[in-house]
Amino acid sequence: MVIRPLDPLADAALLTGFFAAAADYIALERDSAPGPELLDEFFNDAPPGCDPAASARLGMFGDDGLQAIAEMGFGYPQPRDAYLGLMLLHPAARGNGNGARFLRHLEELARGRGMERLLLAVLEINPRGRAFWEREGFRLEVANREVELGGVKRIAHRLAKPLVP
């Protein structure tokens, strides 16, 4: 496996294909098929008060190409927090430990930037996702927050995991 930063120009076609392959999650999140706005959101969105240019936008590559993507901002909601806005696996890469491997890399990246906690939001309609995060040591911090994704309102739960002993 190779994990590297993704580039908005050089990797645009690759990501467009990835989003199409992961349409099951996009539909769960937004009630729609993947559209071109996903590329813009992936490369330009950041948590409140965070500089989008300072966020990590990574791809995990295997023998079959792009296996997973992630976007992580730094300094939200607290200065020593990292916020994982998205971690998405290609359907063919799910269920075989790739998510945990990618998460370990993201945790090390956050620690390397001096972050003390890793936070994320999981949608209430995604119990499999929540089960994954809880197996990985995340715990509920804030329940039942309304979020809007692609114009669709959802209920999400903020989970947090300490990065320091």
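Bear in mind that the values in this text are calculations on the coordinates, not laboratory data. Keep in mind the model is a prediction, meaning the values are calculated, not measured. Counting neighbours? That spans all protein chains shown, and the Cβs are built from the backbone with ideal geometry, glycine included.
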Among 143, 34, 59, the residue whose Cα sits farthest towards the positive end of the charge dipole of the chain (+1 at Cβ of Lys and Arg, -1 at Cβ of Asp and Glu, taken about the Cα centre) is 143
Note on segment 2-162: contact order normalised by length, alpha-carbon pairs under 8 Å, 6 or more apart, percent, works out to 18
With only helices counted (DSSP H, runs n ≥ 4, each -39500 (n - 2.57)), the per-residue ellipticity at 222 nm for the chain, to the nearest 500, works out to -9000 deg cm²/dmol
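Could you please rank 32, 55, placing first whichever residue has the fewest other Cβ atoms within 10 Å of its Cβ?
32, 55
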The chain: spread of alpha-carbon positions along the three principal axes, whole Å, largest first, is 38, 33, 32
Taking a label point 7 Å from the Cα of residue 92 along Cα-to-Cβ, the residues of segment 1-20 whose backbone nitrogen sits under 14 Å from it are 17-20
Taking a label point 7 Å from the Cα of residue 101 along Cα-to-Cβ, the residues of segment 49-91 whose backbone nitrogen sits under 16 Å from it are 59-70, 88-91
The exposure ranking of 28, 118, fewest beta-carbon neighbours within 10 Å first, is 28, 118
With the label point 7 Å along the Cα-to-beta-carbon line of residue 108 and a cut-off under 19 Å to each amide N, the hits in segment 26-68 are 56-63, 67-68
With +1 on the Cβ of every Lys and Arg and -1 on the Cβ of every Asp and Glu, the dipole magnitude of the chain about its Cα centre, in debye rounded to the nearest 20, is 640
Sorted by chain and number, the residues with a modelled amide H under 5 Å from that of residue 115, at a separation of 5 or more or across chains, are none
The chain, Gaussian network, Cα under 10 Å: of 112, 62, 99, the residue fluctuating most is 112
Of all DSSP beta bridges having both residues in the chain, the percent classed as antiparallel (nearest 5) is 90
The answer for trypsin sites (Lys or Arg not before Pro) in segment 69-165 that fall in a DSSP coil and have at most 15 neighbouring Cβ atoms within 10 Å is 80, 113
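Between residue 164 and residue 7, what FRET efficiency follows from the Cβ-Cβ distance if R0 is 41 Å, with the result rounded to 0.05?
So, using R0 = 41 Å, E works out to roughly 0.85.
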Measuring from its Cα centre, segment 33-105 shows a charge dipole (+1 at each Lys and Arg Cβ, -1 at each Asp and Glu Cβ) which, in debye to the nearest 20, is 380
